[in-house]
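A.B. asks: Have a look at this one before I ask anything.
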Amino acid sequence: MDEILTIRDIAARLKLAERTVNAMLSDRELPGFKVRGQWRVHRVHFQRWLHLVGVGRSPELATTEIMALAEDEPPAIAPEASPIHASILPSTGEGADASRGEPERGVPGPGPVQLLSERVSQGDLHRRFIEALGSAVVHHTAMDRKPLELDLTPPLPSRARVYLFNATRPPGGRPTGEHKVQLIMPGQRRGERGQFDQGGGRSVLLAGYAAEEDVFILWDAGLYADFAWSRNVQVKAETIVEAAAGRIARQERRLRPADGEPTTEILLACPAPMLPEAIQLRQDLTRARLAGL
């Protein structure tokens, strides 16, 4: 049995695009390592990751747990497939041709792993955001760096700082179809608090992107002044569906900060062509909140 898996191997088993698996590895949502710039994953780590995700762990937490253990001891030789593994991960070379999209022998129907949704790299996230804004973009910083800073034409904010995350449907623990982003700042470590950079006179945008639906989500960044590492921020499935139908969707979320009064956040979701209009509305709603209207 092959003890090392490639991106293609994992993509076939998770029924995801290879670019999605590459993004998950880059974002430490899968326990991998690089050899001459190419991602590889120990089969035993992948099997453990599948089990943890299947019982409700987030991909990030499952990866953190596996990699922490791997620092103390090398991965064991993968055992012969147990009943659990045999139903999820058939041996390499056996089963149907995954490239044709046919189900592999023994793979169950929809379950926790199938709830994982498409992800794109940080650079691709920023590229799609910029493309959606079109001619309104006068200048932008490097697309592979986070946050993305933009100079925009009126009536959009002239100077913006964008914190953009993949919005995914996580397996386990959340209502079916609900999307979330996980707030992790550049350089932030597990256990550290995070904050958005409010300096330089730039308007801060907290945004998510649901790649499969081509929908952007805009939360009220001012309501997230201080947060734990990997804090989850959600949006309902029906909000994403409404936006995918070609409208700017609104959703109210009741927030209860530990050191402040409960407040109601209004988030927005929109299809990519309506992003400029949604950003204007996001600014108007934030100003109204600050004015107490």
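The values are calculated or read from the model by the stated rules, or taken from the named source; none is laboratory data. Every value quoted in this text rests on a predicted model; they were computed, and no experiment measured them. Cβ sites come from the backbone with ideal geometry, for glycine too, and all protein chains shown count toward neighbours. We work out accessible area using only protein heavy atoms, side chains counted, and drop any ligands, DNA or RNA first. Shrake-Rupley method; radii C 1.70, N 1.55, O 1.52, S 1.80 Å.
A.B. asks: Can you tell me which residue within the stretch 203-220, out of those that are open to solvent by less than 30 Å² (accessible area, probe 1.4 Å) and free of Cβ contacts under 8 Å to residues at least 60 places away in the same chain, is nearest to P155 (Cα to Cα)?
C.D. replies: Checking each candidate, the answer is V204.
A.B. asks: Next question, about the same structure. So T264 fits all but one of (1) at pLDDT below 95; (2) out of contact with any Lys or Arg (no Cβ under 7 Å at 6 or more places or on another chain); what number is the exception?
C.D. replies: That leaves (2) as the condition not met.
A.B. asks: Now for a separate question. Identify all residues within the stretch 245-288 that are open to solvent by 60 Å² or more (accessible area, probe 1.4 Å), of a type outside the set (A, V, I, L, M, F, W, C) and within 28 Å of G134 (Cβ to Cβ); write none if there are none.
C.D. replies: Once the filter is applied, which keeps residues that are open to solvent by 60 Å² or more (accessible area, probe 1.4 Å), of a type outside the set (A, V, I, L, M, F, W, C) and within 28 Å of G134 (Cβ to Cβ), the stretch 245-288 yields R247, R250, P273, E277, Q280, D284, R287.
A.B. asks: Here are E213, E261: which of them is out of contact with any strand residue (DSSP E or B) (no Cβ under 7 Å at 6 or more places or on another chain), closer than 17 Å to T168 by Cβ and in a loop (DSSP other than H, G, I, E, B)?
C.D. replies: Selected residue: E213, the only one of E213, E261 that is out of contact with any strand residue (DSSP E or B) (no Cβ under 7 Å at 6 or more places or on another chain), closer than 17 Å to T168 by Cβ and in a loop (DSSP other than H, G, I, E, B).
A.B. asks: Now for a separate question. Give me a count of the residues in the stretch 221-244 that are surrounded by fewer than 17 Cβ atoms within 10 Å (Cβ to Cβ) and of a type in the set (V, I, T).
C.D. replies: Going through the stretch 221-244 one residue at a time, the tally reaches 1.
A.B. asks: Looking at S135, S91, which is the one that is open to solvent by 40 Å² or more (accessible area, probe 1.4 Å), of a type outside the set (V, I, T), out of contact with any Ser or Thr (no Cβ under 6 Å at 6 or more places or on another chain) and at pLDDT 95 or above?
C.D. replies: S135
A.B. asks: Return a yes/no flag: does the stretch 111-123 have any residue that is open to solvent by less than 30 Å² (accessible area, probe 1.4 Å), modelled with pLDDT under 90 and more than 16 Å from the chain's Cα centre (by Cα).
C.D. replies: Yes, the stretch 111-123 contains at least one residue that is open to solvent by less than 30 Å² (accessible area, probe 1.4 Å), modelled with pLDDT under 90 and more than 16 Å from the chain's Cα centre (by Cα).
A.B. asks: Can you go through R174, R190, R145 and tell me which one is out of contact with any Ser or Thr (no Cβ under 9 Å at 6 or more places or on another chain) and modelled with pLDDT under 90?
C.D. replies: From the options R174, R190, R145, the qualifying one is R174.
A.B. asks: Moving on to the next point. Would you check which residues across the stretch 25-40 are buried (at least 21 other Cβ atoms within 10 Å of the Cβ) and in contact (Cβ under 8 Å) with a residue 24 or more places away in the chain and list them?
C.D. replies: Hits for the stretch 25-40 are E29, L30, P31.
A.B. asks: Next question. Kindly indicate whether any position in the stretch 184-194 is surrounded by 19 or more Cβ atoms within 10 Å (Cβ to Cβ) and closer than 20 Å to A269 by Cα.
C.D. replies: Within the stretch 184-194 (the criterion being surrounded by 19 or more Cβ atoms within 10 Å (Cβ to Cβ) and closer than 20 Å to A269 by Cα), the answer is no, since none of the residues qualifies.
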